[in-house]
1. Among ILE89, HIS7, LEU69, which residue has its Cα positioned farthest towards the positive end of the charge dipole of the range 5-108, with +1 placed on the Cβ of Lys and Arg, -1 on the Cβ of Asp and Glu, and the dipole taken about the Cα centre?
2. What fraction of the DSSP beta bridges in the chain is antiparallel, stated in percent and rounded to the nearest 5?
3. Per DSSP H run of at least 4 residues, take -39500 (n - 2.57); add these up for the chain, divide by its residues and hand me the 222 nm value, nearest 500 deg cm²/dmol.
4. Find out how many positive minus negative residues lie around GLY66, taking Lys and Arg as positive, Asp and Glu as negative, among other residues whose Cβ is under 15 Å from that of GLY66.
5. What is the Å³ per residue value for the convex hull set by the Cα atoms of the chain?
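What follows is calculated from the coordinates using simple rules that are stated; it is not laboratory data. Predicted, not measured: the structure shown is a model, and the values here were computed from it. So basically every Cβ, Gly included, is an ideal-geometry build from the backbone, and we count neighbours across all protein chains shown.
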Amino acid sequence: MSTLVSHHLLLCATPTKASCCDPEVGAASWESLKRILRDFDLENVKRTEGVVLRSKVDCLRICRDGPILLIWPDGIWYGGVTPDRIEKIVLHHVIRGNPLKEWIVRQTPQKLSWLGE
Ligand code: FES
């Protein structure tokens, strides 16, 4: 049996070189992400829309204004992802499909019709 994946969230939370953020803020964001995914049952492999995966990564090569969160398959990179912001990002972007433009710091080139481009 295969499992459908809706999103993969990669968070630079506690990087070895601590270039993009205070590791304490990053660690708090990571804990917040884990809690939010559990609270909304997004890690349920039987979820109709697909499971949401999360990975804590060491560096996403932006190295400033972090913590940095990359959301696949949308190719959206968020900056300043504090615990408060990460909850809003999951709610609006992952669950409702409405990325929060004001916190996007990079976009992987792709069709961006939802941004009016
Ligand atoms: S240290 Fe976080 S993006 Fe490089």
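1. Value: HIS7.
2. Here the antiparallel bridges make up roughly 60 percent for the chain.
3. Estimated from H runs of four or more residues: -6500 deg cm²/dmol.
4. Around GLY66, the surrounding residues sum to +1.
5. Convex hull of Cα atoms, per residue: 105 Å³.
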